[in-house]
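First comes the structure, then the notes that go with it.
Read-outs throughout are calculated quantities, based only on the coordinates presented, and are distinct from any laboratory measurement. This one's a predicted model, so the numbers in the text were calculated from it and none came from an experiment. Counting neighbours? That spans all protein chains shown, and the Cβs are built from the backbone with ideal geometry, glycine included.
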Amino acid sequence: MASKKPAFPTIKQARAGQEGRTPAKTFAALSRSQRLQTVAIDKVAPNPRNPRTHFDPEKLQLLAESIAARGVLQPPVARHANADGIHILVAGERRLRAAKLAGLTELEIILVDGADDGAELADALMENVARQDLSPIEEARAYATLVEDLDITKDEAARRTGVSRSTVSNRIRLLDLPDTVLEYLDDGRLDFAHGRALLTIDDHDQRKRLARQAVELGWSKRTLENAANELSARPNRKRQTRKERADAADSQAAADTLVDALAVAGHNVAVKVTKKGVTITLPDLDAAHQLATAAGAKLPAD
């Protein structure tokens, strides 16, 4: 009997077709030294001392969708396995939860010893960032691990890698861009300057559209900056939330029902739903008198 295929992808399956970037350059030395390992996800456990206990379900779902498509961009940091074979997280519980939600059966983790508590890992990451020819996203991953997981200040990371503090901050901010844009930056179709220009736009869909145009048309940094500035200068139309769209649809359905009911009773009206309420429009004064009489109102004598 043929073996049953897993319902969800493994990390290798999720990263298939991504220019063979597993692991990325930033973590290559860690992989060779066994610092970066892929383990069964049920062998990784949250840190019971983690002060963070609430994780936004909606944001967690968005991250899970990203992980299902691309794998875990920034591996969590965990300790070597204990006597029970369990790796306790040092940092990255949100990524662990999202990976489980995405259905991954394996997870790539960065291992630290209890004694150094990440000090040697920080040294290795900063050495890689300072010496290797990395993509902007590989640098962003390294800086994010240093700052967000290992509690290295941005000032210290900047000093030890020979860059400015703003460079560290701007590299980390790149990870806020949509996955499609991250791929363009990672494989060299766009560079850091393009990514920084796209960060001036708030909407993810607009970021993806401009990035795609920049790639297809070979836009320079300046051209993309001008396009982003022009887009940002346009009046900002607030996008409705899912609940607002549902409420608007319900209101319109109620208005249509009212129109139909009055039409059956012989009244020709138009009903418009606005933020301030409901407006009923009648074709003329006679129609208004007719509707008022039908509603039981007593009209003044002529």
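Figures for the structure shown
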| item | result |
| --- | --- |
| Sequence-distant residues sharing a close amide H with LEU36 (under 5 Å, placed H) | SER31, LEU111 |
| Highest-first arrangement of 35-46, 78-89, 193-204, 268-279, where packing means the average Cβ count within 10 Å | 193-204, 35-46, 78-89, 268-279 |
| Label-point separation, ARG245 to ARG97 (7 Å along Cα→Cβ), nm | 2.6 nm |
| In order through the range 176-193: 3J(HN,Hα) via Karplus (6.51 cos²θ - 1.76 cosθ + 1.60), integer Hz, x for Gly, Pro | 7, 6, x, 4, 4, 5, 4, 5, 4, 6, 6, 9, x, 5, 10, 10, 4, 4 |
| Cα-projected label distance for ASN268 with ASP151, points at 7 Å along beta-carbon direction, nm | 7.7 nm |
| For VAL90, distant residues with modelled amide H under 5 Å away | VAL77, ALA78, ARG79 |
| Zone residues, the range 168-199, relative to GLU216, backbone N less than 17 Å from point 7 Å out along Cα-to-Cβ | 180-181, 184, 189-190 |
| Mean shadow area of the range 165-257, taken as a quarter of the surface of its Cα convex hull (nm²) | 8.2 nm² |
| FRET efficiency for ALA254 and ASP286, using Cβ-Cβ distance with R0 set to 41 Å, rounded to 0.05 | 0.95 |
| Spin-label pair THR200/ASP113, simplified geometry with 7 Å Cα→Cβ offset, distance in nm | 4.8 nm |
| Contour excess over end-to-end distance, with Cα ends at ARG189 and ARG160 and 0.36 nm allotted per residue | 7.6 nm |
